[in-house]
Structure formats: structure tokens, C-alpha cells
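Asks: First the structure, then my questions, so here it is.
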Number of protein chains: 2
Amino acid sequence: MNTKSTINYQEIAKELNGIETTTNSDRLTKLSLDYYHFSPILTEQLQNKRGELAAFPTTEAEVLKIALICVKYKIPLTVRGAGTGNYGQCIPLEGGIILDTSKMNQIQWLKPGIACVQPGVKMAAFDKQARKIGWELRIAPSTYRTATIGGFIGGGSVGMGSVNYGQISDRGNLRRVRLVTLEETPQVLELEGDRVQKVLHAYGTTGIITELEIPLAPAYPWQEIIVTFDDFMTAASFGQALSDSHGIVKKLVSIHASPIPSYFPALKNYIPQGKHCALLMVSEYDITPFQDLVQEYQGEITYSKTAAEAAKGTSLLEFTWNHTTLHARSVDNKLTYLQTFYFTLERLEKLYQQRGDEIMIHLEFLRAGDKAVPAGLQLIRFTTGERLNEIIRDRESQGAFIANPHVYTIEDGGNKQVDPQKVAFKQQVDPYGLLNPGKMRGFRE
Amino acid sequence: MNTKSTINYQEIAKELNGIETTTNSDRLTKLSLDYYHFSPILTEQLQNKRGELAAFPTTEAEVLKIALICVKYKIPLTVRGAGTGNYGQCIPLEGGIILDTSKMNQIQWLKPGIACVQPGVKMAAFDKQARKIGWELRIAPSTYRTATIGGFIGGGSVGMGSVNYGQISDRGNLRRVRLVTLEETPQVLELEGDRVQKVLHAYGTTGIITELEIPLAPAYPWQEIIVTFDDFMTAASFGQALSDSHGIVKKLVSIHASPIPSYFPALKNYIPQGKHCALLMVSEYDITPFQDLVQEYQGEITYSKTAAEAAKGTSLLEFTWNHTTLHARSVDNKLTYLQTFYFTLERLEKLYQQRGDEIMIHLEFLRAGDKAVPAGLQLIRFTTGERLNEIIRDRESQGAFIANPHVYTIEDGGNKQVDPQKVAFKQQVDPYGLLNPGKMRGFRE
Ligand SMILES: Cc1cc2nc3c(=O)[nH]c(=O)nc-3n(C[C@H](O)[C@H](O)[C@H](O)COP(=O)(O)OP(=O)(O)OC[C@H]3O[C@@H](n4cnc5c(N)ncnc54)[C@H](O)[C@@H]3O)c2cc1C
Ligand SMILES: Cc1cc2nc3c(=O)[nH]c(=O)nc-3n(C[C@H](O)[C@H](O)[C@H](O)COP(=O)(O)OP(=O)(O)OC[C@H]3O[C@@H](n4cnc5c(N)ncnc54)[C@H](O)[C@@H]3O)c2cc1C
């Protein structure tokens, strides 16, 4: 691979003629970074990393042209969607070209149950179109308004809808991808069925996705609701019960232990101090049985907006998943987080009791394996990296699963181990190791 | 209550003027019986029971008029939908009037997500209308083509769709009912929310349902598929895996151990002798990931029809749930059945190994509690009532749950115990015990 010094990026820009590019350093700074700063550890490691040229292709042909030049000069290439990842997924560790997909934002076709899109299509914008024919995305992150579909497949995993459809890696949640390789002679490949796993959550290390076929969910009008509780474990049990209520259609079940709601000033009129709360999306058609469930758990509904009303303001979605961390950090930037699967309420209760002052528990329910399980993003009052690792090891020893968001390689985060299938595929499609170098640990080992 | 001798039903027919009635004995025989004959035990007990007059109201006002007369003369009243129940639910034990709902077959309104119907609306006919606006019933029995919605709520429990929505008794699967009471002065009541439980699976002992509000499911084009397997437990594990695949939308997961498929002559070209099979309904949009799952379990797809193709012939639905028993009995009428929840594959495997020649295992997957579980209707080679009870006790002692279909009271079947809420409600709405007398054991005890 070439190092920074030997490449003249002005010349490269010329060779890319017809494709929009920039070498403006302010823009490159913006286009090089993501939400890595949620982690004090990643902040230290990544804050100075920069790409040297950004390109904005609009078609697969232009992507191929960029790929060709990267191979020719052995220039690192890092794909960027909206740059909302939070593990530095799209931060170029070794400089080179940033391929920004934001101009590849066409919906190729849209049918009942399934759609085909370019990678830079933003999720909320997509749903606006899909809803016209009665469908919507199955799963979307809380960065729904800004994030791209390609970025979600490349770097995301879960979100609203996961209580029904699980994770994007669950079989069936991605159907087909086209991707451009960085082989000696770059080419376009198509992967279908289970083979799409090779690019899922691969941080763009196994090819540049140029088109995706994604399954859809029937669109419901989602009522947005806040329910408050006196007791945290009652709130958590309510979340489990709602997730398990097959007769009540829902999309989001997010539970917040006090004092987390105090980090949501916009919601302060709805969540009295000291209360625990559930932030929910439930089908408008199912509100009656939902109210019976709330009553059974002695919750209080303090906020309830129809889908039409909710569309006028900020969605409750933007207080859930990793947006909880965002709001908490905007009040107290000493806070960081850990992505944690508790799996059972029993384990959750034990860990809740051990939390001390250092930890605040925030749950998101999602389907995993044969059940809906409590997982979530607990907030941690950061002191040192050692202490953070100590917490991780302790939780793991008690049977929780932690997808560590304070590391930037695929394997050290959620995947936990080198995926030989992905590594072998990378060897095939990126023999020079130019794609987002340094992010797939298994490749260089 | 009056006994047969003292009432002149010709006079009653006159008093009911304006309402269609019959006292023709052939018609009364037909209108008095159901599929109780699946059980050799119920056959002995119930075959001679007859109503003495059948009435065919078309409106709630007419139902009220009939109720008034039943109370005036203390005449037993048994409601009948299509009479496809199989525990003698609508067989009048003490004669009297049969109130047949088949002329109360209007859809009152139909909106996205929810509909309001008269009780005599047939399920397949309803879906034909609902599908025009993109919706369908959440759950429907294999008697879908002929059975009524009121009869399903009054006497049914599960069916296609249960793998997604569970049982009709799960909160949210019935929203509101109107019913006519048999109080001193009969009246119309409305029950909403959890209070509908008082009429659910109550065999018409707690009021005559005159209107129901039911939630709907988004309609998919359902591909009908047969997959064959060499090994039964592989077929069962495949059924569990499909039920747990959140990324694959399905409606029916029905597994049949050899030699059950030999009772399906219509399917003999698709299921080679000795093979075990899965009869399935899967969303047409999800066939690709479905095929990957089949491959993982080394199944073979031998039959696959699109929804449009399937609509031209007999649906695979009509080989599943209790239709399996129907087909088996039409070949060998010594066969009967037991409704069994295995809950786990481990327990299923143990019971499968113990089956001997007497039992053939047929599974239906449905959501129950926090999971999709294997349940089903095992076929039993009937010898004596004692032996049948021995099998039941043995299975129960191994942790299976049996809803005994060889008894005609609510409590001795699936419910297992007297439901004090239902009994109290019956005391209120039917103080003279005229509604389907003898079916609610808790009422007279
Ligand atoms: C406040 C906040 C909340 C969040 N909530 C969630 C959440 O609920 N669920 C969740 O899963 N994530 C969440 N995230 C992470 C992130 O927002 C999502 O995963 C989002 O979908 C990423 O999309 P993006 O367009 O921003 O991708 P980017 O960050 O631009 O890219 C993500 C990764 O995908 C790769 N990539 C992008 N496009 C392509 C392509 N065309 N081909 C190949 N690789 C590509 C990139 O190289 C990078 O490695 C959150 C982040 C923040 C800051
Ligand atoms: C071959 C076969 C397959 C079957 N498969 C299934 C299955 O998959 N799932 C399942 O759950 N059942 C199944 N059944 C049982 C039965 O077919 C269903 O439960 C069906 O929905 C009953 O509807 P019906 O209109 O025939 O009701 P009926 O048999 O006429 O009535 C059922 C009960 O409900 C009461 N009732 C009817 N209408 C009213 C009313 N308006 N108000 C109050 N009470 C009322 C009756 O008094 C009776 O007690 C099956 C039966 C057979 C013979």
C-alpha cells in the first residue's frame, strides 16, 4: 500500500475526471470522522486520522473507475455513508480516498415486500416513498433520519423493528447486494441469499456495495407512547411482556432506568423525576389491548401521539438505541456506554442491583434466537480504560454478552472472533488490503 | 328449565313470527350435530341429542326476540355457527332451540387493521373482502372455508397465523363483542378489551354474540410449499427453525411424521413413501431465504405453488390442524386424536421415541408465551377409553399439556379448570342456565 507522501492527490482528482471530488482539508476532516467520540478510548486513537481525497460517485460505473485507480496506485479506500457509525467504522486509518455514497441515492425499484436501492439512500427518505405503497423498512437505527441503507448494512445491526425482525444479520433481512471489488481488475459481483453475510457489518472491508435488495415490512401507523413506572424491574418486565404479546403489534420497546430520563429535557413534562420509563411505538390499531397491558403492570401513560401527530415533532425513536447515549453525553460528556445483551430478566435484575453509581441501565428489546430478549446500551460514567474493561469482564462472567463499542476492528466489537468466511472473501476481492485497512483484524493476522 | 314434553314448538314458531324457523326432523338432526364423531367417546355420549326447533335470525333484534321467548318459557338455547366444532360444542344436550347464525353474515365495516362483523360471517368469505384492502384474518382454523367467525371465537382456538399471533385468547386478538343475554329481561351488552375473555371459547354459554370487532393482519401472497425429510426430528427441528426465523414471514408450519402423509392421497405425488413432511405457507417475498433454510436442514422442496396457483386448488391448509385427523379417519375410522403441546423439541423427541404403533405424531407450531412451540394433534389408534386416558396421563406426567378433545365441557377440555370469571358472568347473563346447558361444568357445581 502506498503511504501518504508518494501520491499526488491533485493528479488523482484529474484522473477521476467526471467524478466530483474534494481535497479541501476542512471537508476532509468532516468526511473522515464519525461518532467515534462517544468512546473516550477511540477518541484518543482516531481523532487525527484523515483521508486525503474524497470522491462522490453517482453510479456503479464511477465506483468502478475509482476502484481501478485505487488498485493502480495502491491507494487505501474507505467507504462512507452518512458517517454516523460510532466505532470509527468509516475513519480511514491509513489515509487515501474516501468514497462518499451520498450521491448514490436512487431507489431502483420498489414493490410490495421488497425494494432495490443504491447504497446512499437515506432510510427515512426511503420510507417516505415505501409508505406510499404500504410498506416500510423492517429494521432501522435511531439515526434513521440521516443514515444510509448501505451504511446500516455495512456498519449497523439493530434498531426499531428489531423486536419483530431481529438483527440485519438474521437470515432474510438482506436479499442481494452488488459490489465492486478491488481485485487486480476490479469487477462487479452479485451475492444472494446467505452469501450476503460476507458484506454484512464488514465495515466496507469486503467490497463497495453499489446496490442492495432489501425486504420490507408492512407499514403501520405507529403511535408513539411514553409509559412511566415507579419501579425499574416492573418497567423491564412490562417491556418483556409487550415484546411477548403476539396480539399487540409494536415496533419499538425501549426502557430507561432513572435517572436516564433526566437527560431528555424535551420530555421532562412527561417523565416525573425519579420515574423509570418506556418509550414505545405501538400500532394505532392495537391501542386498546395495549392499555390493558399497561394497566396490568400499573404503568401510567403520560404521552401518546398518533403517527400523524408524531410526524410533526421529534420521534421518540430519537431518544432510544444509541440516541440515549447522545442525549446523556450532551448533558455530561464523561458518560460513555456499553452494548449489552442480558438475555433474561433474572440476569438483568442481578446486574441492575450491582450497578452502583457508575452505571445506568437502558434496555432495548429485540428478537434473538427463539425469543425477544432484553439488551441495550447501558450508560457508564467513564473513569479509565482499565475500569471499563473490568466492567466488561465482570458482566461477561455473569453471562451477559457485550459488543464492545470501544474498539475499531470488526472482530473485537460484536463479532468476537475472526470470521473465516469474511476473511477468505476479503482475500479474494481485496488482495492488496486497500479497503478500509486495519478494520478486519483477521485479514492481516 | 322446561323439559321436552311440555313445550309446543309449533306455537313457539308462531310466536317467533318474522323469523325463519324449522322443526323438520332431518334438518334438526343436521343442525344438532357437529364433528363430535372424531371421538368414539363423544359419539356414544352425544349421537342422539337433538334440538327441537331451529331459528335463523338475521339481526340482533331478532336474536333478542328469540332470547325473550327462551326466558319466558325457560327453553334451552344453543347457538350454532357452521357446526364444525369437534367436541360437541354446539350439540344441544337438553333439546330446545338451536339459534343458527348463518343468516347473520354481514360485514358491518372493514378498515385497515380492524373489522366489525356479524357472527355468521364465514372466514374465507371475509378474507376475500379484507384482502381487497390489503388485510386478512390474523388466525383461522383449517375449517376456514366453512366455519364462522362467531363459531371460531365461541369454540375454536388456533390455526394458520398462530405461528405469528398465538391463540384467539391472547390479549388483542379479539377487541369487542356485542352479546344478547338471557336475563329475566334479555338485553344487549358490549364487552371490550380484556373483558371479552368472558365469551372466548365459552361455547355460547355466556351470551349470544351478535357482533365482533376483530383485528386483522397484513395480507401477504402465501406460497404453499411441501418439504420432505428423511428423518422426523430433522423435520421437527426445521419447523422450529422456520418458526424462529424472524427474517422469513410465514403463516403455517405443520410437520407430519410418516406414515401420516399416506393418508393424503391427493398429495401422494409429492411425498414419497416413508418420508416425513412439512406443509407450509411462506410469504412469496421471502422464498430465497426460505430456500437457504431448507438447504441447511437438507430438506427437499417437492411442491411449491404461488398464492395465485394455490387459490385454484385445495389449499395445503386443508391437510393441517384437525384436517389431518379428518383425512386419516377417512382412510381408517379407528383413528382418533389428542391435542398436545410438547413445548420443547427435547420432550417431543422423547415422546416420539415412545410412540410405538399406537401413535403418529403431527405437529403445528404456534406462539405461546415467549416462544414459538411445537404442539399438534397426534393421531391415536383407538382401543378403549381407559387406554386413551392412560396415554393422556402418561404424556402429562412427562410435562406435555393435553387439551382433551374427548369431553364436552369447557373445563375438561383445554381449560382444565373452572374459570370463576366466566362462571360469575354466566350467573349474571344466564341466571336460568338456558344457554347450551351442561357445557360449563363450573356453573352447576
Ligand atoms: C446517536 C446514534 C445512534 C445510533 N443508533 C443506532 C442503532 O439504533 N442501531 C444501529 O445499528 N446503529 C446505530 N448507530 C450507528 C449508525 O448510526 C448506524 O449503524 C447507521 O446505520 C450507519 O449508517 P451510515 O450511513 O451513517 O454509515 P457510515 O457510518 O457512513 O458507515 C458505516 C460502515 O459501513 C461502511 N459502508 C458504508 N457504505 C458502504 C457501502 N456502500 N459499501 C460497503 N460498506 C459501506 C462504512 O465503511 C463503515 O464501515 C447509531 C449511531 C449514533 C451516533
Ligand atoms: C376437520 C376440522 C378441522 C378443524 N381445525 C381447527 C383448527 O385449525 N383450529 C381450531 O381452533 N378449530 C378447528 N376445528 C374446530 C372448528 O372447526 C373451529 O373451531 C371453527 O372455527 C368453529 O366454527 P363454527 O362456525 O363451525 O362453530 P360451531 O361449531 O358452530 O360453534 C362452536 C362453538 O361456538 C359457539 N358459538 C357459535 N356461534 C356463536 C355466537 N354467535 N355466540 C356465542 N357462541 C357461539 C357454539 O355454541 C359452539 O359451542 C376443526 C374442526 C374440524 C372438524
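Asks: Among the listed residues A:LEU179, A:LEU191, A:LEU242, identify the single one that is within 16 Å of ligand 1 (Cβ to nearest atom) and within 14 Å of another protein chain (Cβ to nearest Cβ).
Replies: A:LEU191
Asks: Taking strands (runs of 3 or more DSSP E) that do not extend beyond the range A:170-256, which have at least 1 residues that are within 24 Å of A:ASP34 (Cα to Cα) and open to solvent by 10 Å² or more (accessible area, probe 1.4 Å)?
Replies: A:208-218
Results for (1) touching a Gly at 6+ places or on another chain (Cβ under 9 Å); (2) in contact (Cβ under 8 Å) with a residue 24 or more places away in the chain; (3) under 22 Å from A:SER169 (Cα atoms); (4) β-branched (Val, Ile, Thr), shown as yes or no for each residue.
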{"residue": "A:GLN398", "(1), (2), (3), (4)": "no, yes, no, no"}
{"residue": "A:VAL407", "(1), (2), (3), (4)": "yes, yes, yes, yes"}
{"residue": "A:GLU411", "(1), (2), (3), (4)": "yes, yes, yes, no"}
{"residue": "A:ALA424", "(1), (2), (3), (4)": "no, no, yes, no"}
{"residue": "A:VAL429", "(1), (2), (3), (4)": "yes, yes, yes, yes"}
{"residue": "A:LEU434", "(1), (2), (3), (4)": "yes, yes, no, no"}
{"residue": "A:LYS439", "(1), (2), (3), (4)": "yes, yes, yes, no"}
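Asks: Quick check on A:LYS312: is it open to solvent by 40 Å² or more (accessible area, probe 1.4 Å), in contact with a strand residue (DSSP E or B) (Cβ under 8 Å, 6 or more places away or on another chain) and of a type outside the set (Val, Ile, Thr)?
Replies: Against the criterion (open to solvent by 40 Å² or more (accessible area, probe 1.4 Å), in contact with a strand residue (DSSP E or B) (Cβ under 8 Å, 6 or more places away or on another chain) and of a type outside the set (Val, Ile, Thr)), A:LYS312 does not qualify.
Asks: One residue is enough: does the range A:271-290 have a residue meeting the conditions touching a residue at least 24 places away in the same chain (Cβ under 8 Å) and on the phi > 0 side of the Ramachandran plot?
Replies: No, the conditions are met nowhere in the range A:271-290.
Asks: Let me ask something else about it. Take the residues in the range A:431-445 that are among the charged types (D, E, K, R) and surrounded by fewer than 17 Cβ atoms within 10 Å (Cβ to Cβ); name whichever of them is farthest from ligand 1 (Cβ to nearest atom).
Replies: Out of the qualifying residues, it is A:GLU445.
Asks: Looking at B:PRO57, B:PRO40, B:PRO76, which is the one that is touching a residue at least 40 places away in the same chain (Cβ under 8 Å), under 24 Å from B:GLY150 (Cβ atoms) and out of contact with any helix residue (DSSP H, G or I) (no Cβ under 7 Å at 6 or more places or on another chain)?
Replies: Going through B:PRO57, B:PRO40, B:PRO76 in turn, the sole match is B:PRO76.
Asks: If we keep just the residues of the range B:136-145 that are over 11 Å from the mean Cα position of the chain (by Cα) and within 14 Å of chain A (Cβ to nearest Cβ), which is nearest to ligand 2 (Cβ to nearest atom)?
Replies: B:LEU137
Asks: Could you list all residues from the range A:263-309 that are within 13 Å of chain B (Cβ to nearest Cβ), open to solvent by less than 30 Å² (accessible area, probe 1.4 Å) and among the hydroxyl-bearing types (Ser, Thr, Tyr)?
Replies: Once the filter is applied, which keeps residues that are within 13 Å of chain B (Cβ to nearest Cβ), open to solvent by less than 30 Å² (accessible area, probe 1.4 Å) and among the hydroxyl-bearing types (Ser, Thr, Tyr), the range A:263-309 yields only A:SER283.
Asks: Inspect all residues belonging to the range B:223-237 and state whether any of them is more than 10 Å from chain A (Cβ to nearest Cβ), touching a Lys or Arg at 6+ places or on another chain (Cβ under 6 Å) and in contact (Cβ under 8 Å) with a residue 60 or more places away in the chain.
Replies: Yes, the range B:223-237 contains a residue that is more than 10 Å from chain A (Cβ to nearest Cβ), touching a Lys or Arg at 6+ places or on another chain (Cβ under 6 Å) and in contact (Cβ under 8 Å) with a residue 60 or more places away in the chain.
Asks: While we're here: Considering only residues that are within 30 Å of A:LYS350 (Cβ to Cβ) and within 12 Å of another protein chain (Cβ to nearest Cβ), which ones fall in the range A:245-262?
Replies: A:SER245, A:HIS246, A:ILE248, A:LYS250
Asks: Select from the range B:78-112 the residues that are of a type in the set (D, E, K, R) and crowded, with 24+ Cβ neighbours inside 10 Å and write down the one among them that is farthest from ligand 2 (Cβ to nearest atom).
Replies: Restricting to residues being of a type in the set (D, E, K, R) and crowded, with 24+ Cβ neighbours inside 10 Å, the top hit is B:ASP100.
Asks: Related question: Looking at the structure I just gave you, is A:ARG131 within 14 Å of chain B (Cβ to nearest Cβ), more than 16 Å from ligand 2 (Cβ to nearest atom) and open to solvent by 10 Å² or more (accessible area, probe 1.4 Å)? Even if it seems obvious, please write down each step before you answer.
Replies: Values: within 14 Å of chain B (Cβ to nearest Cβ): yes; more than 16 Å from ligand 2 (Cβ to nearest atom): yes; open to solvent by 10 Å² or more (accessible area, probe 1.4 Å): yes.
Taking the combined requirement at face value, the residue satisfies it.
Asks: To continue, here is another question. If you scan the range B:146-169, which residues turn out to be touching a residue at least 60 places away in the same chain (Cβ under 8 Å) and either charged (D, E, K, R) or within 13 Å of chain A (Cβ to nearest Cβ) (or both)?
Replies: If the condition is that a residue be touching a residue at least 60 places away in the same chain (Cβ under 8 Å) and either charged (D, E, K, R) or within 13 Å of chain A (Cβ to nearest Cβ) (or both), then B:VAL158, B:GLY161, B:SER162, B:VAL163, B:ASN164, B:TYR165, B:GLY166, B:GLN167 are the ones that fit.
Asks: Scan the range B:378-388 and give yes if some residue there is surrounded by fewer than 18 Cβ atoms within 10 Å (Cβ to Cβ), over 23 Å from B:GLY156 (Cβ atoms), among the aromatic types (Phe, Trp, Tyr) and touching a helix residue (DSSP H, G or I) at 6+ places or on another chain (Cβ under 9 Å), otherwise no.
Replies: No.
Asks: Can you confirm whether the range B:327-338 contains a residue that is touching a Gly at 6+ places or on another chain (Cβ under 9 Å) and on the phi < 0 side of the Ramachandran plot?
Replies: We begin by selecting, within the range B:327-338, every residue touching a Gly at 6+ places or on another chain (Cβ under 9 Å); these are none.
There is no residue in the range B:327-338 that is touching a Gly at 6+ places or on another chain (Cβ under 9 Å) and on the phi < 0 side of the Ramachandran plot.
Asks: Being within 15 Å of ligand 1 (Cβ to nearest atom), surrounded by fewer than 24 Cβ atoms within 10 Å (Cβ to Cβ) and β-branched (Val, Ile, Thr) is the filter here; which residues of the range A:38-77 pass it?
Replies: Correct list: A:THR43, A:THR58, A:THR59.
Asks: Take the residues in the range B:147-165 that are more than 7 Å from ligand 2 (Cβ to nearest atom) and not aliphatic (A, V, I, L, M); name whichever of them is most open to solvent (accessible area, probe 1.4 Å).
Replies: In this case the residue turns out to be B:ASN164.
Asks: State whether the residues of the range B:195-210 include one that is in contact with a Cys (Cβ under 8 Å, 6 or more places away or on another chain) and more than 16 Å from ligand 1 (Cβ to nearest atom).
Replies: Yes - at least one qualifying residue is present in the range B:195-210.
The values are calculated or read from the model by the stated rules, or taken from the named source; none is laboratory data. Everything numeric here is computed off the predicted structure, so don't read it as measured data. Note: ideal-geometry Cβ built from the backbone for every residue, glycine included; neighbour counts use all protein chains shown. Ligands, DNA and RNA are excluded from the accessible area calculation, which covers all protein heavy atoms including side chains. Shrake-Rupley method; radii C 1.70, N 1.55, O 1.52, S 1.80 Å.
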